[in-house]
1. How many residues does region 289-331 hold that are farther than 25 Å from residue 64 by Cβ and of a type in the set (A, V, I, L, M)?
2. Just checking, which of 266, 249 is over 25 Å from residue 364 (Cα atoms), modelled with pLDDT under 95 and not assigned by TED's automatic domain parsing to the domain that holds residue 152?
3. Since residue 145 meets every condition but one in (1) in contact (Cβ under 8 Å) with a residue 60 or more places away in the chain; (2) small (Gly, Ala, Ser); (3) in contact with a Lys or Arg (Cβ under 7 Å, 6 or more places away or on another chain), which condition does it not meet?
4. Could you list, in sequence order, the residues of region 34-55 that are touching a Ser or Thr at 6+ places or on another chain (Cβ under 8 Å) and not in a loop (DSSP other than H, G, I, E, B)?
5. Considering only region 381-396, how many residues are free of Cβ contacts under 8 Å to residues at least 12 places away in the same chain and surrounded by 10 or more Cβ atoms within 10 Å (Cβ to Cβ)?
6. State the number of residues belonging to region 42-77 that are of a type in the set (Ser, Thr, Tyr) and without any contact (Cβ under 8 Å) to a residue 12 or more places away in the chain.
7. Whether any residue in region 185-202 is touching a strand residue (DSSP E or B) at 6+ places or on another chain (Cβ under 6 Å), under 30 Å from residue 50 (Cβ atoms) and buried (at least 24 other Cβ atoms within 10 Å of the Cβ) is what I want to check.
8. Does at least one position in region 275-288 carry a residue that is surrounded by 15 or more Cβ atoms within 10 Å (Cβ to Cβ), within 23 Å of residue 207 (Cβ to Cβ), hydrophobic (A, V, I, L, M, F, W, C) and at pLDDT 90 or above?
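The values are calculated or read from the model by the stated rules, or taken from the named source; none is laboratory data. Here the structure is a predicted model, which means the values were calculated and not measured. Ideal geometry is used to build each Cβ from the backbone, glycine not excepted, and the neighbour counts take in all protein chains shown.
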Amino acid sequence: MWPLSFSGQGEIYHEGRVRAVVPPSRASKGLEDVVIGETRISYVGGATGELDYRGFDVRTLVPGVPYESIVHLLLWGEPPSEDPSPEVVRALGEARAPPATAERVADALPRETPPLEALRTILSSLGDGRAEYPPDLPQGFALIARTPVLLARFVRRSHGLAPVPPRTDLSHAANYLWMLTGEEPSAERMRALEGYLGLLADHGMNASTFALRVAISTQSDLVSAATAALATLKGPLHGGAPSRVSDMLDAIGSPETAEAWIAERLARHERLFGFGHRAYKTEDPRGVVLHRMARSVADPERFRLAEEVEKVALEALRRARPGARLYTNVEFYSAVVLEAVGLPRTLFTPTFAVARTVGWVAHALEQASDNRLLRPEVEYVGPPSGRTWPRPVDRV
């Protein structure tokens with residue numbers, strides 16, 4: 001070990017002599033406040049609680065605007081001529097049937113494979129080498145259409161059920177539920193899922209989108225880039241927390257026990273899921289919409305529990321961290337809505353991926369349209385140059 005010492009002026013000393021002068025750090029941990037490019041797809045106003053798709057406030061789009069029309073807006077930049085977008089309805093319907101090779105992969109996976117891991121493997125099988133860089137709209141529609149189809153096929157197989165073929169006469173949301181259950185969903189469940197898909201369709205430069213854009217910047221293909229994006233969802237910090245919100249609500253059990261349960265959790269310095277967001281320092285606009293949706297679709301007792309937990313948790317968090325701008329995030333009421341739709345918790349995160357595929361496609365197209373390899377730097381803070389190997393080196 002070198003006997004190193006550091007001065008307050010960025011100098012590194014060894015045996016009393018300056019060995020290096022380190023400039024002030026330029027590192028931004030987590031790429032905080034680092035701008036890597038420009039986008040026309042979505043605007044995230046973290047300080048003001050805004051989310052716009054191509055200039056449209058998402059709160060004016062959901063609920064009400066069909067998911068297919070939101071896809072049209074994100075991919076083409078303008079609203080369709082009518083709702084739902086006839087172009088997107090036709091494109092998704094034509095692309096819905098997956099290739100036989102991908103179906104065989106879905107059928108071959110062990111039944112006990114978690115759906116998210118299964119989807120990662122199945123999605124990668126769509127990359128057969130025929131669709132190379134740059135990505136285009138037909139590739140994008142194939143990705144959007146086939147992701148829920150193949151996911152539903154695996155889920156049916158994992159429960160020992162025969163797969164249900166996709167239908168072209170159903171909407172994107174309705175067909176997903178149809179393929180999972182073999183029954184046409186009620187209008188209420190279909191609208192709730194459609195609203196969720198629309199709200200989660202895009203969200204600026206989030207972790208999965210960044211991973212996708214890095215892959216596309218290398219001139220990789222769309223399926224490979226989408227697989228990279230999907231891999232980021234394995235961790236609970238991006239897209240994976242709604243199921244943990246449901247677990248938390250189950251553990252609390254009733255509104256009357258919420259205060260004691262939350263106090264005990266915070267006393268152990270454990271995390272409360274569904275609160276706080278890296279971008280938003282005020283209310284998450286998606287959470288506001290999902291709260292309203294949950295009120296109309298969720299079981300009344302479950303909704304009452306969720307509201308009480310939200311109230312008590314926010315009060316406790318603000319007492320524990322005075323001055324911190326902590327609010328309910330999108331995942332809290334996502335859990336309540338997805339429960340009401342009838343999805344099992346293992347499908348919460350994969351369904352997030354179903355929603356986000358359109359955003360991934362839009363960003364892949366945008367990245368490829370004016371591409372530059374994304375290669376950020378990292379600041380080296382290890383030992384300075386000049387070390388010698390501790391034993392003789394045979395250079396013969």
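1. Counting residues in region 289-331 that are farther than 25 Å from residue 64 by Cβ and of a type in the set (A, V, I, L, M) gives 10.
2. Values: 249 fails: modelled with pLDDT under 95.
That would be 266, the only listed residue that is over 25 Å from residue 364 (Cα atoms), modelled with pLDDT under 95 and not assigned by TED's automatic domain parsing to the domain that holds residue 152.
3. For residue 145, the failing item is (1).
4. Answer for region 34-55, where residues must be touching a Ser or Thr at 6+ places or on another chain (Cβ under 8 Å) and not in a loop (DSSP other than H, G, I, E, B): 51, 52, 53.
5. Residues flagged as free of Cβ contacts under 8 Å to residues at least 12 places away in the same chain and surrounded by 10 or more Cβ atoms within 10 Å (Cβ to Cβ) within region 381-396 amount to 0.
6. To start, the set of residues in region 42-77 that are of a type in the set (Ser, Thr, Tyr) comprises 42-43, 48, 53, 60, 67, 69.
Still in the list and also without any contact (Cβ under 8 Å) to a residue 12 or more places away in the chain: 60.
Of the residues in region 42-77, 1 are of a type in the set (Ser, Thr, Tyr) and without any contact (Cβ under 8 Å) to a residue 12 or more places away in the chain.
7. Residues of region 185-202 that are touching a strand residue (DSSP E or B) at 6+ places or on another chain (Cβ under 6 Å), as a first pass: 202.
Among the residues that remain, those that are also under 30 Å from residue 50 (Cβ atoms) are: 202.
Right, trim to buried (at least 24 other Cβ atoms within 10 Å of the Cβ) and you get 202.
Yes, the conditions are met somewhere in region 185-202.
8. Let us first name the residues in region 275-288 that are surrounded by 15 or more Cβ atoms within 10 Å (Cβ to Cβ), namely 275-277, 279-281, 283-288.
Still in the running and within 23 Å of residue 207 (Cβ to Cβ): 275-277, 279-281, 283-288.
Among the residues that remain, those that are also hydrophobic (A, V, I, L, M, F, W, C) are: 275, 279, 288.
Those left that are additionally at pLDDT 90 or above: 288.
Yes; the residues of region 275-288 include at least one that is surrounded by 15 or more Cβ atoms within 10 Å (Cβ to Cβ), within 23 Å of residue 207 (Cβ to Cβ), hydrophobic (A, V, I, L, M, F, W, C) and at pLDDT 90 or above.
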